[in-house]
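First up is the structure itself, then whatever we jot down about it.
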Amino acid sequence: MSADPLPTSLYESLFLKLATVLELTQKSEGIVTPQAKQALLQATNDFKNTINQAKEFAGGLAGGEMLIEDQDEVIAMLEELRDRKRCAQTSLHRIFSKYLNE
């Protein structure tokens, strides 16, 4: 790693926060109660805020100052985040489609 370590915990927390959002949407009682809706809103906002923090950090990185290994690590994390986001979107689409078809 370089002298300014990449805050991997910030990026790793994105996965946990996304998992929380997915978990809340897939509970057996769904998201029909006010408490469930509020919990989902809070989890979603927390996830969005963390994404914004990660974007701000990534945007502040100066070009060419990262080691190749660090760049590869960031690329791998972003690719994994992209893949998980696609999976989450597919899951949410299925869930909402189920509710709309009822």
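The values are calculated or read from the model by the stated rules, or taken from the named source; none is laboratory data. As the structure is a computational prediction, the values presented were derived from the model and not from experiment. Cβ coordinates were reconstructed from backbone atoms using ideal geometry, including for glycine residues, and neighbour counts include every protein chain displayed.
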Filter the range 14-40 for residues that are under 14 Å from the mean Cα position of the chain (by Cα) and exposed (fewer than 13 other Cβ atoms within 10 Å of the Cβ); the one that is farthest from I75 (Cα to Cα) is E23
Among what's in the range 32-70 and is in contact with a Ser or Thr (Cβ under 7 Å, 6 or more places away or on another chain) and assigned to a helix (DSSP H, G or I), pick the residue that is modelled with the lowest pLDDT. D70
Tell me which residues, restricted to the range 1-13, are in contact with a Ser or Thr (Cβ under 8 Å, 6 or more places away or on another chain) and either farther than 25 Å from D83 by Cβ or at pLDDT below 90 (or both). L10
Residue check for I95: assigned to a helix (DSSP H, G or I), over 17 Å from the mean Cα position of the chain (by Cα) and either of a type in the set (F, W, Y) or at pLDDT below 90 (or both): yes
So which residues in the range 41-58 are touching a residue at least 24 places away in the same chain (Cβ under 8 Å) and either loosely packed, with under 12 Cβ neighbours inside 10 Å or of a type in the set (A, V, I, L, M, F, W, C) (or both), if there are any at all? A43, F47, I51, A54, F57
